[in-house]
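Notes follow once the structure below has been shown.
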Amino acid sequence: MSYYHDSHCHLTQFKEVKNVIKDAIDKSVRKVVVVSMFKEENKKVLELYHQFPDVILPALGIHPITINSNSDIENLFGTVIKLIEQNLSIIKIIGEIGLDRYYTKDPNIWEKQKSIFNKFLSFSEKHKLGVTVHGKNAESEIMEILETYKISPIIIHWYSANEKLIKKGIDNGFFYSINFSVKYSKNVRNLVKLTPINRLLTESDGPVNYKKLNIIGRPSLIPTIIKDIVEIKNLQKDFVIENLQRNFEKIILKK
């Protein structure tokens, strides 16, 4: 049976989580990778998983934009890694991790971001865990760092870079997750055009506000992304759905 997936969602940040999950299931969105941003949010993600184990796949990590000049990197990393180690039987993905040069302008903080990013990547490589990566305005640097590790899968979240970097990621075996920005962003539409269907995933990044669309991202809306992928790649809808499902099952569910 065909279904949709959400490979990147901040589900803990919704007010009515049960309703969000019910709506997702009603729209045949059966699996949601729930990512963490803040240290304490990691515990909430695990709590959600235990409430909805058939739907939620927990991803633990620290988002780069939560790092500031006072951040104790060793403490942050140690706290999250302890949780991951205690739950290795259910965790397949670390995230959301990465670098940010858009919201964060202080080079000193960039170095802290880079430090904890590399710590997570080293741990992922050692324990054969995948990663979901944020790299806004740091696309080239992200690519260079990821190339030094042997990690699978590497999922690049909401990527917007030039054609050369996109193709480099494809050559490296990375996956790109596509959200509702595909409906208005020339860069994201070009990403879909250039990337083979067997390297694409879908995501809501909910509850992000897509102001240009006047919608709040949520898993139940994932099926609307398929229409754009079908149009851009000029493929049959059923073929696209089947391939996206297969990608998700292969790299995350390990089927």
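None of the figures in this text is laboratory data; all of them are computed from the coordinates on show. Since the structure is predicted, the reported quantities are computational estimates derived from the model, not experimental observations. Virtual Cβ from ideal backbone geometry, glycine too; neighbours counted across all protein chains shown.
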Open item on the list: A 20 angstrom limit on the alpha carbon distance is what I want to check against. Which of LYS15/LYS183; LYS82/LYS128; LYS186/LYS250; LYS22/LYS212 exceed it?
Closed with: LYS15/LYS183; LYS186/LYS250; LYS22/LYS212
Task: Reach of LYS114 by Cα under 15 Å, taken over aspartates and glutamates that are not fewer than 8 positions away in the same chain - done: ASP72, GLU74, GLU96, ASP100, ASP106, GLU139, GLU141, GLU144, GLU147
Open item on the list: Ranking request for peptides 211-219, 129-137, 114-122: highest mean number of other beta-carbon atoms within 10 Å first, then the rest in descending order.
Closed with: 129-137, 114-122, 211-219
Task: Whole-Å distance, taken between Cα centres, linking region 1-59 and region 102-156 - done: 23 Å
Open item on the list: For the chain, what does the relative contact order come out to in percent, with C-alpha contacts under 8 Å and a separation of six or more?
Closed with: 21 percent
- [ ] Pop a pseudo-label 7 angstrom from the Cα along the beta-carbon direction at both SER122 and GLN51 and give the gap in nm to one decimal.
- [x] 3.6 nm
Task: 10 Å-binned pair-distance histogram of the chain (Cα, whole percent) - done: 7, 33, 39, 19, 2, 0
